[in-house]
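The values are calculated or read from the model by the stated rules, or taken from the named source; none is laboratory data. This structure is a prediction, so every number in the text was calculated from the model and none was measured. Cβ placement follows ideal geometry from the backbone for every residue including glycine, while neighbour counts extend to all protein chains displayed. Protein only, heavy atoms only, side chains kept; ligands, DNA and RNA dropped before computing areas. Shrake-Rupley method; radii C 1.70, N 1.55, O 1.52, S 1.80 Å.
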Amino acid sequence: MDRDNLKKQFFDLMLKNRRMSGEHQYTVPSPQTYPYQWLWDSCFHAIILSYCSLEDAKKELLSLLSHQYTNGFIPHMIYWDKAKLSDFPVVEWGKEDTSTITQPPMLAYSVWQIFQKDQDKAFLELIYTNLKAFYDYLIEERSADDHLIGIINPDESGEDNSPRFDEPLGLPPNASLEENFGRRLELVGQNKSCNFETKTCMQNFFWVKDVPFNVITVENLRKLAEIAFILDKTDDQKYFLEQAELIITAMKKLMFWDGIYCSVYGLEHKKIQVKTWAIFAPMFATIYTKEEAKNLVNNFLLNKDKFKSDFIVPTVCLDEPSFNPDAPQIKGTVKVKPTDLSWRGPIWMATNWFIYKGLKNYGFESEAKMVLESTLNLIEKSGFREYYHPKTGEGMGAKDFTWGGLVLDMI
Ligand code: GLC
C-alpha cells in the first residue's frame, strides 16, 4: 500500500467517524462499538488529523476541554447526545454527561504535535490554561510523597482488562473477562459512594502507579514545558520539567527491577511482575539507559518466546499465564458488551506506536522498521480493527476503528 493511498483511506475513516454536537466536533473511535468521545482516543485522533487538517485536529481537542471539571480533571468519556444513543449500553460512572475516571494524559503531546506543523501561538494561548489545569490536577490530586502518579481504576490506564491489574484487583491470571469486568464495576460503585474524592477515599480501593501512565505523564510534562516556554511562561516551564524529573527519579527508585520497569501498588509499592508491552513504554520518554534499552530489546522484543510472535507487538508476553490472544469475537451487528475486548495478548495499534517512537529515541532503526512493517501488514491484511491476533494477524474487536491511523505518524 503506498503512502498516499494509506493516507486517503485513513482520512476517509476519520470523516466517516466524525460527529458534531452543536458547535463541537469530535471523532468516535468506532461507530458501532464506541459511539462517544474518549480522552486518549481524541489525542490520537488529533495526531492523525494533523496529517490532513490542523483545524480539525484542534477542534477535536477543544471539544474534549468543553467537559473539563473545575479542578482540572478531564473525564475519559463524554457522552455527547446520549439521549439519541439510548439503546447503547453504557457504564454508569455516576455523572450524566461524562465518566468520572480519566485516561493517559496525551493532551500536551498532541497539542505540541499540532504546533510543530503550523507554529500557531494563538492556539497555544487559547488552550494553555486548560492544559496546565489538567497536569496540575494530576500532580496535585494523583500523586503523593513518592511523586508517582496513581490511577484509581484499571480503565484509567486505557488498557481496561490488562493482566497488569489482576493482582491489585485480587483476580487470578485465568479469571474470565466477565469476572474482571465485574471487579472494575465494583470499583465504580465504591468510588461513587465516596463522591470521587481521590485523596481521602478512592485510593483505598485501587491505587496503582502504572508504568505507561507515568511515562506518558513525563513525556507530556516535557511537551507542556516547551509550550510554556513558547508562551514566555518560564516559571511554569521550569516547574513542569522539575515535576517530570521527580517522576523519573521515583520510577528508577521504586519501579525498576531486574532490568525492566514494573507497575507498583499499595503503600509498600509492591511490584507487579506480569510482563506486558508496558516494559517497553519507558523508551517513549527515554527513561532506560542505552545499555538497559539494548538488553530489553534483545531479551524481550527480539525473543520468540517473549514478544516476537508472527505479528508484533503482542500486548502480553507470550509466556505469561494470562496471555490469551483469542479474545471474544464480535459477530455481525450484535451490540457489544464491555467485556468484548482484550488487552490480554492481542496487538493494539497505539501500543505499537508508543513502542515504535521509543525504539526511534534510541536509534534502534531496524527494530523500529520491524514494528512498522508488522503494523502495516496487519492493516493491509485485516483492515481497521480494534486489535489483531499476534499469531494469525486476524482483525478482532471493533470495526472501523481509528487507531491504525497512527501509522501515518510512523511512515
Ligand atoms: C476501550 C479501550 C480504551 C479506549 C476505548 C475507546 O475501552 O480499552 O483504551 O479508549 O475502548 O476506543
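Here the helices (runs of 4 or more DSSP H) wholly within segment 280-383 that include at least 1 residues being among the β-branched types (Val, Ile, Thr) and modelled with pLDDT of 95 or more are 349-361, 365-382.
One residue stands out among those in segment 165-177 that are within 16 Å of the ligand (Cβ to nearest atom) and within 18 Å of Gln203 (Cβ to Cβ): the one that is surrounded by the fewest Cβ atoms within 10 Å (Cβ to Cβ), which is Leu169. Restricting Lys84, Lys59 to residues that are buried (at least 18 other Cβ atoms within 10 Å of the Cβ) and either away from the ligand (no atom under 13 Å from the Cβ) or in a loop (DSSP other than H, G, I, E, B) (or both) narrows the list to Lys59. Of the candidates Asn214, Asn174, the single residue that is among the polar types (S, T, N, Q), at pLDDT 95 or above and either assigned to a loop (DSSP other than H, G, I, E, B) or closer than 29 Å to Asn361 by Cα (or both) is Asn214. For the structure I just gave you, tell me whether Ile78 is open to solvent by less than 10 Å² (accessible area, probe 1.4 Å) and more than 20 Å from Ile114 (Cα to Cα). Considered against the rule, which asks whether it is open to solvent by less than 10 Å² (accessible area, probe 1.4 Å) and more than 20 Å from Ile114 (Cα to Cα), Ile78 comes out as yes. Considering (1) within 22 Å of the chain's Cα centre (by Cα); (2) outside any helix (DSSP H, G or I), the lone condition that Ser110 does not fulfil carries the number (2).
Leu49 - would you say it is more than 15 Å from the ligand (Cβ to nearest atom), open to solvent by 40 Å² or more (accessible area, probe 1.4 Å) and either under 30 Å from Arg183 (Cα atoms) or hydrophobic (A, V, I, L, M, F, W, C) (or both)? Against the criterion (more than 15 Å from the ligand (Cβ to nearest atom), open to solvent by 40 Å² or more (accessible area, probe 1.4 Å) and either under 30 Å from Arg183 (Cα atoms) or hydrophobic (A, V, I, L, M, F, W, C) (or both)), Leu49 does not qualify. Taken as a whole, segment 143-150 holds no residue that is without any contact (Cβ under 8 Å) to a residue 60 or more places away in the chain, part of a loop (DSSP other than H, G, I, E, B), open to solvent by less than 10 Å² (accessible area, probe 1.4 Å) and of a type in the set (A, V, I, L, M, F, W, C). Taken residue by residue, segment 350-369 has at least one member that is open to solvent by less than 40 Å² (accessible area, probe 1.4 Å) and among the β-branched types (Val, Ile, Thr).
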